[in-house]
Ligand code: FEO
């Protein structure tokens with residue numbers, strides 16, 4: 001396997017674990033704020049990011065690579081408002097999209113067709129990740145200072161679940 005592609009995917013494994021850790025920190029933020037629905041949304045996101053990291057690890061392993069795990073950076077642990085948390089989610093997901101696109105660029109340059117095919121799943125996933133965050137920001141803008149609206153959104157976010165696909 002091309003070494004540049006291996007290095008880029010290995011760095012992305014770390015970014016996906018960092019993403020998981022960031023969402024776990026956001027989960028804890030909302031636990032502390034008495035917002036169980038938002039805490040749940042972040043916990044599901046935490047699980048989803050671990051799935052992303054594992055999916056990449058498995059792909060590298062299936063192509064004969066052993067992954068050297070690096071330290072995971074400490075995430076932010078405090079945000080000034082609910083809006084600030086979700087703005088951070090969108091900004092973070094945009095940076096992950098850019099990172100995945102950059103790896104795809106390397107795979108294209110190196111003519112690694114299997115990795116190009118593998119990464120297409122992540123490229124599609126990032127569309128959904130950014131859409132979810134930006135929809136929540138729009139809803140929070142509509143809610144503004146309305147406490148009842150915020151509680152209703154919290155109830156809705158309590159419904160979110162994530163189940164790892166059986167085949168993975
Ligand atoms: Fe692994 Fe939120 O993208």
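Worth a mention:
- Placing pseudo-labels 7 Å out from each Cα toward the beta carbon at residue 155 and residue 137 gives an inter-label distance of 2.7 nm.
- Degrees separating the helix 82-109 axis from the principal Cα axis of the chain, which is the longest one: 10
- For the chain, the longest principal axis of the C-alpha atoms and the axis of helix 3-33 are separated by about 10°.
- Hull volume in cubic angstrom per residue (convex hull over the Cα atoms of segment 83-168): 89
- Nearest 10 degrees, 0 to 90: helix 147-157 Cα axis against the chain principal axis: 40
- Structural size metrics of the chain, computed from C-alpha coordinates, are Rg and Dmax of 17.2, 54 Å.
- Note on residue 31/residue 145: beta-carbon distance plugged into 1/(1 + (r/R0)^6) with R0 of 22 Å gives a FRET efficiency of 0.45.
- Whole-angstrom gap from segment 111-130 to segment 1-46, using each part's C-alpha centre: 18
- Length released on extending from residue 77 to residue 101, taking residue separation times 0.36 nm less the Cα-Cα span: 5.9 nm
- Shape call, segment 42-114: gyration tensor on alpha carbons, a/c limit 1.5: prolate
- Sorting the segments 71-80, 19-28 by their residues' average number of neighbouring beta-carbon atoms within 10 angstrom, most packed first, yields 19-28, 71-80.
- Cα gyration tensor, segment 126-168 - rounded (a/c under 1.5), prolate or oblate: oblate
Values quoted throughout were computed directly from the atomic coordinates according to the rules given, and no laboratory measurement underlies them. On a predicted model such as this, the values are computed, not experimentally measured, just so you know. When we count neighbours, we look across all protein chains shown, and the Cβ atoms used for this are built from the backbone with ideal geometry, even at glycine.
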